[in-house]
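Here's the structure we're looking at; comments come further down.
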Amino acid sequence: MSPELFFVGIAVLVCLIILYSGLFTVSQQTVAIIERLGKFKRAATAGLNIKIPLLESIKGRLSLRIQQLDVVVETKTKDNVFIKITVSVQYHVVADKIFDAFYKLTDPQKQIESFVFDVIRAEVPKMLLDDVFEKKDNIAIAVKAELEGLMADFGYGIIKALVTNIDPDEKVKAAMNEINEQQRLRMAAQEKGEAEKILRVKNAEAEAESMRLQGMGVANQRKAIIDGLKQSIQAFQEGIQGVTAADVMGLVMMAHTGNLTTTAAQG
């Protein structure tokens, strides 16, 4: 092989290597930041792309996917209870603000974390511990509103902010559990007392009804005796002329006394 052909072959090989170095691919939901001689040129989208060898370079890549950052903030409530609040922030790079998202912030997650700390430590110390649990959605809304305004200047959009966990000190949690237990015991005792009261009322009503019925029975029995005596006296007077009611009653009493004596003797 002649020297000329050798050098031609080398030159072709170098050209192929240079051309090949100008080809690159970008994954789906990702953009590549292309700089030409150190200056931003464009953002390459998903698929096969070409850059000018030696003049252009890939400075970095940005994901366009929705990302989530969990931030744990320790702070104090209005009633001096230390708690840890976990805030989950969902964010993404705004497609038409790729330059801002890549060049304005060195570490966007650190920036988001700092903003979340500021909001939580400004809002929670105004609330009592019980209010923090009841109004956690309000805290999340405040975080989202603050982040939206601040991160928009850096090319990031905030999808959602959620307060996912509120964790008081262990002693506080133990005290809260004891309070809840005592409340449940008081409620159980109250329910038991109401049940016993209802039972006593029902028993008293049943006893009163029983006595009323017994009284009616005795009254009916006496009425029947009186009616029977009246009929007996009337029949006796009709059968024997000149006999008064007092005479008939005397005879009835004598007969009743005799029956009692006979019953005693037989006994």
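Brief remarks follow.
- Among all positions in the range 147-155, there is at least one residue which is at pLDDT 75 or above, outside any helix (DSSP H, G or I) and surrounded by 10 or more Cβ atoms within 10 Å (Cβ to Cβ).
Quick grid of which residues meet (1) surrounded by 11 or more Cβ atoms within 10 Å (Cβ to Cβ); (2) over 51 Å from the mean Cα position of the chain (by Cα); (3) under 19 Å from PRO108 (Cβ atoms); (4) basic (Lys, Arg):
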{"site": "LEU19", "(1), (2), (3), (4)": "yes, yes, no, no"}
{"site": "VAL31", "(1), (2), (3), (4)": "yes, no, yes, no"}
{"site": "PHE40", "(1), (2), (3), (4)": "yes, no, yes, no"}
{"site": "GLY47", "(1), (2), (3), (4)": "no, no, no, no"}
{"site": "LYS78", "(1), (2), (3), (4)": "yes, no, no, yes"}
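- Residue list for the range 145-157, restricted to those being touching a residue at least 40 places away in the same chain (Cβ under 8 Å) and under 29 Å from ASP169 (Cα atoms): LEU147
- Just one of the listed residues (ILE10, ILE98, ILE33) is of a type in the set (A, V, I, L, M, F, W, C) and in a strand (DSSP E or B), and it is ILE33.
- Candidate set from the range 94-126 (those that are farther than 15 Å from LEU150 by Cβ and of a type in the set (A, V, I, L, M)); member that is modelled with the lowest pLDDT: ALA95
- Scanning the range 95-130 for residues that are free of Cβ contacts under 8 Å to residues at least 24 places away in the same chain and buried (at least 16 other Cβ atoms within 10 Å of the Cβ) yields a count of 1.
- Residues of the range 50-72 classified as more than 21 Å from GLY155 (Cβ to Cβ) and either outside any loop (DSSP other than H, G, I, E, B) or free of Cβ contacts under 8 Å to residues at least 12 places away in the same chain (or both), total: 5
- Where LEU129 falls short, out of the listed (1) hydrophobic (A, V, I, L, M, F, W, C); (2) in contact with a Pro (Cβ under 8 Å, 6 or more places away or on another chain); (3) modelled with pLDDT of 90 or more: (3)
The values are calculated or read from the model by the stated rules, or taken from the named source; none is laboratory data. Bear in mind that the values here come from a model prediction, so they are computed numbers and not experimental data. Using ideal geometry, Cβ is built from the backbone for each residue, glycine included, and neighbour counts are taken over all protein chains shown.
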